[in-house]
Amino acid sequence: MFDLIRAYQLEIMGSLSAVCMAIAIFVIISKTVSRKRKRALIYLELGAAALLQFDRLAYLYRGVEGSTGYIMVHVSNFMVFTLILFELYAFNYYMSDLIQKECGYETKPFRLRLVEVMLLIGEGLLVLAQFNGMYYSFDAHNRYTRGSLFIICYAIPLFVFFIELSVIVQMTRKLRKGMRISLFAFASAQILASFIQLFAYGISLTNMTMALMVIVLYIFAVIDTNYALEKANELKLMHFKNEQESMMRLFDQTATAFVGAMEAKDEYATGRAKRVAQYARELAEMNGKSEEVCSNVYYAALLHDVDSDILLHIKEYPFLSIGARYYHENFDGSGYPEKLSGNDIPEIARIIKVADAYDRMTSKQELRDALPQQKVREEIVKNTGTLYDPEYAKIMLHMIDLDPEYKMHESAELHEFVDGTEIACGSYRDTFSDGIGIKDAIVKIHFQCTPKKNVEEDICMPAIVLFDSLDARVHSTKKEIESMNYFEYGEIWLDGHSVASGARVMKVDYKELGSPDEVDGAGVAVVKSQKEVFDGGESIDYDLEVVRVKDHLQILMECKYATMKAIVALTDNARFSYMAFTGEHCYIDNVHVVKTEEVVSEDYIPRIASEVSFINRMEGDIPNIQVDGYRTAYTKGVEVTDGMEINFHAMSLPTARLVWHCPFINLFYSDDKQPVGDSYREYAMIRLDGESWETGDYASNKVQMRKREFFTGWDAWKENCKAGYDSSVIIRRKGNKITTITSNNGIDVRNVTTINDGNRTIYVSLTGDQVALTDIRIRA
């Protein structure tokens, strides 16, 4: 065995040194280890890496004659002995921090201070040995030989290890099991290796053992750190699961920190890697990949901009280097580095290619802002089959369709309000909180308002701004209003004042209450206004209840001094609604938001304006529908027959702004002929702008879209859709193939759906996105 180690020890030392260096980098960028322990681990890993490199040099230049050999053997051997003492000091430093933090010692134990003194003495003797040769010397051929007092340089480290071992034994019950094992293993292994080394001349057993134990020490430190972080928040799990999850979190933190450090060099790259990783994971999930594959895709995408040569060294996860190397390949073979094409490109790289391209187009770059969503979609369509894998390009197009508010967007990340937010308001509208989404489930909010002191103005009052925007934030500049599609409904002060800017109507009922804590001489509660309370420098606690039903929104306010009920008639059903806090000369804090699951009925909010409707037209064979958002309403299903024809009038809503705000044709099956429910199975979703989509393996679709000679562009298409038009859809069926044909505003669409599950009964219904469908007639 010793002969085998002797034959390959230079390679072993090189490998161990590289591992220690890599671990040192991980420790440097890690955020999970305390500062002092992190410093100790860095010392240990870098010291071990340097120790083995100098030891290799000592072997490589042993017996090399000449001045270079003379210098190298002298310097390398001196550094080997010095670094051994340095490693002992670093381990002592690590132990001191561990004992003080984990065992409750306020100061460093005496025995560990004694170790430091012994190490200083050892270094002094080492320097002296360079002049008298008592440890080692070199002959005329630069060959190393042990000196007469060589045993001293072994005795000092051995005494140090025995002292440290005695401290470990004493503290064994106060240390967690993992740390106890790692410390004991480090000291014991070195003692054993040192004794063996006395009889195994020519093998750097102690140095290699030290490097190996340093690696083990790091592993146990990571496990221990993660265990400590999890212990307070998680239930007891199996030990193996705990260990696996800890190491995975470490990998995630390390990888995230690493790319974060890279991105810090470029202001336009911040957050990019994580966004690409999230998009890539969603692409994989929507294509039915397993959780393990989706996780691999995520981390490969997270590190896709890291040099592939670096990732090659992570042998445990080969998919990382594959993603980084091949995501520059194009589907048609025009990419690099190997000009692969089609399925010859690894699938993980094809996924990253689409995710990376989407993020680049939707993020601000040095010379341009993020592209509009419509332009991004058009670019993906244009390059499908050339740059991008058609399968994953199609999924990305579907993801875009599911994101009508353009939230998958660097500068439009949703910033909804979170508990604990505090805002200090000066003049009115100089500060806003992030928005709180208002939907058909009740949201309950509690907060406290405190007047600012020493303010000349006598106005102090919290207020609410009601609005819609892509990032759930209030905006005021023209550029932000346009880019975030910002629309303001109005403002409501909590003293009952209101301004309706975009809302159709606002009705506010405000009532001041008597304070039970203050009564007049007749025992009647004193009616005290909020202003009087704020003028006295007191705080007021508020409770709000907010909810929306279709195009109406309601806010109920209660405090000790007043109640308020505000009903707002919004412009339509299609826009989103948010509320943000602002105010004048006050602090708003102690905020707590509870989003309940109490979905209210349609008559919960009394109407103060008629419902906004765009379907007050003639009805045909089935009722008209108004689709306010992506597939929010459907016509009832009609069984597909060969040669059937569906005629209807379509008009995009005034809020429609995208090409795909148009009608959709839905082919499906369900037990009750409705396109919802447990038995619902979707075979095709065909849009009149020329896109189609199927869910699952039930069917496959092949769509052909042709622009007629009179088609003048997508802007004209959108205007025509808003103006309204009559549409006709022809459906043909032959066995398991259903062909859907329609032509609208210069766009011809032909889609062939192949039913794969053997189902003979298929239904068709109409839906869409921000569109009104009327006068629907079926001809069999």
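The values are calculated or read from the model by the stated rules, or taken from the named source; none is laboratory data. These figures come from a predicted structure and were not determined experimentally. Cβ: placed from backbone, ideal geometry, glycine included. Neighbour counts: every protein chain shown. Surface accessibility is based on the protein's heavy atoms, side chains included, excluding ligands, DNA and RNA. Shrake-Rupley method; radii C 1.70, N 1.55, O 1.52, S 1.80 Å.
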Problem set entry | Qualifying positions in the range 450-478 - open to solvent by less than 40 Å² (accessible area, probe 1.4 Å), in contact with a helix residue (DSSP H, G or I) (Cβ under 8 Å, 6 or more places away or on another chain) and touching a residue at least 40 places away in the same chain (Cβ under 8 Å) | P451, C460, M461, L470, D471
Exercise. Among the residues of the range 260-283, is any modelled with pLDDT under 85, in contact with a helix residue (DSSP H, G or I) (Cβ under 8 Å, 6 or more places away or on another chain) and over 23 Å from D369 (Cα atoms)?
Worked result: yes
Exercise. From the residues in the range 266-289 that are acidic (D, E) and outside any helix (DSSP H, G or I), which one is nearest to V19 (Cα to Cα)?
Worked result: D266
Problem set entry | Selection from the range 480-494 of residues that are of a type in the set (D, E) and buried (at least 18 other Cβ atoms within 10 Å of the Cβ) | E488, E491
Problem set entry | Single residue of S334, S363 found to be open to solvent by 60 Å² or more (accessible area, probe 1.4 Å) and either of a type outside the set (D, E, K, R) or more than 22 Å from the chain's Cα centre (by Cα) (or both) | S334
Exercise. Considering only the range 136-156, how many residues are exposed (fewer than 14 other Cβ atoms within 10 Å of the Cβ) and among the β-branched types (V, I, T)?
Worked result: 2
Exercise. Out of (1) within 26 Å of S692 (Cα to Cα); (2) surrounded by fewer than 19 Cβ atoms within 10 Å (Cβ to Cβ); (3) among the hydroxyl-bearing types (S, T, Y), the odd one out for T635 is which?
Worked result: (2)
For this session: Could you tell me which numbered condition L60 fails, if it satisfies all but one of (1) open to solvent by 30 Å² or more (accessible area, probe 1.4 Å); (2) within 45 Å of the chain's Cα centre (by Cα)?
Result: (2)
For this session: Those residues that are open to solvent by 30 Å² or more (accessible area, probe 1.4 Å) and farther than 18 Å from M179 by Cα, I need them from the range 17-42; list them, please.
Result: A18, V19, M21, A22, I25, F26, I28, I29, K31
Exercise. Which of the residues belonging to the range 290-315 are over 24 Å from the mean Cα position of the chain (by Cα) and either assigned to a helix (DSSP H, G or I) or surrounded by fewer than 14 Cβ atoms within 10 Å (Cβ to Cβ) (or both)?
Worked result: D309, H313, K315
Problem set entry | Which numbered condition R281 misses (of (1) open to solvent by 60 Å² or more (accessible area, probe 1.4 Å); (2) in contact with a Cys (Cβ under 6 Å, 6 or more places away or on another chain)) | (1)
Exercise. Out of curiosity, is A324 open to solvent by less than 50 Å² (accessible area, probe 1.4 Å), in contact with a Gly (Cβ under 6 Å, 6 or more places away or on another chain) and free of Cβ contacts under 8 Å to residues at least 60 places away in the same chain?
Worked result: no
Exercise. What residue, of T107, T82, is in contact with a Leu (Cβ under 7 Å, 6 or more places away or on another chain), without any contact (Cβ under 8 Å) to a residue 60 or more places away in the chain and of a type in the set (V, I, T)?
Worked result: T82
For this session: Could you grab the pairs with beta carbons closer than 9 Å, sequence gap of 6+ or different chains, first residue in the range 756-779 and without any contact (Cβ under 8 Å) to a residue 40 or more places away in the chain and of a type outside the set (A, V, I, L, M), second one open to solvent by 10 Å² or more (accessible area, probe 1.4 Å) and in a loop (DSSP other than H, G, I, E, B)?
Result: G758/N736; R760/N736
For this session: Confirm whether E65 is on the phi < 0 side of the Ramachandran plot, surrounded by fewer than 21 Cβ atoms within 10 Å (Cβ to Cβ) and without any contact (Cβ under 8 Å) to a residue 12 or more places away in the chain.
Result: no
Exercise. Going through the range 107-123 one residue at a time, which ones are open to solvent by 40 Å² or more (accessible area, probe 1.4 Å), assigned to a helix (DSSP H, G or I) and either of a type outside the set (A, V, I, L, M, F, W, C) or in contact with a Cys (Cβ under 9 Å, 6 or more places away or on another chain) (or both)?
Worked result: R111, R113, E116, E123
For this session: All but one of (1) surrounded by 15 or more Cβ atoms within 10 Å (Cβ to Cβ); (2) closer than 30 Å to F668 by Cβ; (3) small (G, A, S) hold for G643, so report the exception by its number.
Result: (1)
For this session: Check the range 620-632 and report whether any residue there is aliphatic (A, V, I, L, M) and either assigned to a loop (DSSP other than H, G, I, E, B) or open to solvent by 50 Å² or more (accessible area, probe 1.4 Å) (or both).
Result: no
Seminar exercise, completed: Picking from Y89, Y70, Y8, the residue that is crowded, with 17+ Cβ neighbours inside 10 Å and not in a loop (DSSP other than H, G, I, E, B) would be Y89
Problem set entry | Per-region count, the range 560-587, residues open to solvent by 20 Å² or more (accessible area, probe 1.4 Å) and either polar (S, T, N, Q) or farther than 21 Å from V499 by Cα (or both) | 5
For this session: Please find, within the range 316-368, the residue that is modelled with the highest pLDDT out of those that are touching a His at 6+ places or on another chain (Cβ under 6 Å) and in a helix (DSSP H, G or I).
Result: I352
Exercise. How many residues, within the range 495-509, are touching a strand residue (DSSP E or B) at 6+ places or on another chain (Cβ under 7 Å) and either open to solvent by 70 Å² or more (accessible area, probe 1.4 Å) or at pLDDT below 85 (or both)?
Worked result: 4
For this session: Determine, yes or no, whether T209 is assigned to a helix (DSSP H, G or I), at pLDDT 85 or above and within 30 Å of M21 (Cα to Cα).
Result: yes
For this session: Report, ordered by the first and then the second residue, all pairs with beta carbons closer than 8 Å, sequence separation of six or more or different chains, a first member in the range 662-678 that is under 17 Å from S692 (Cβ atoms), and a second member that is of a type in the set (D, E).
Result: C662/D689; C662/D769; F664/D769; N666/E682; L667/E682; F668/E682; P675/E682
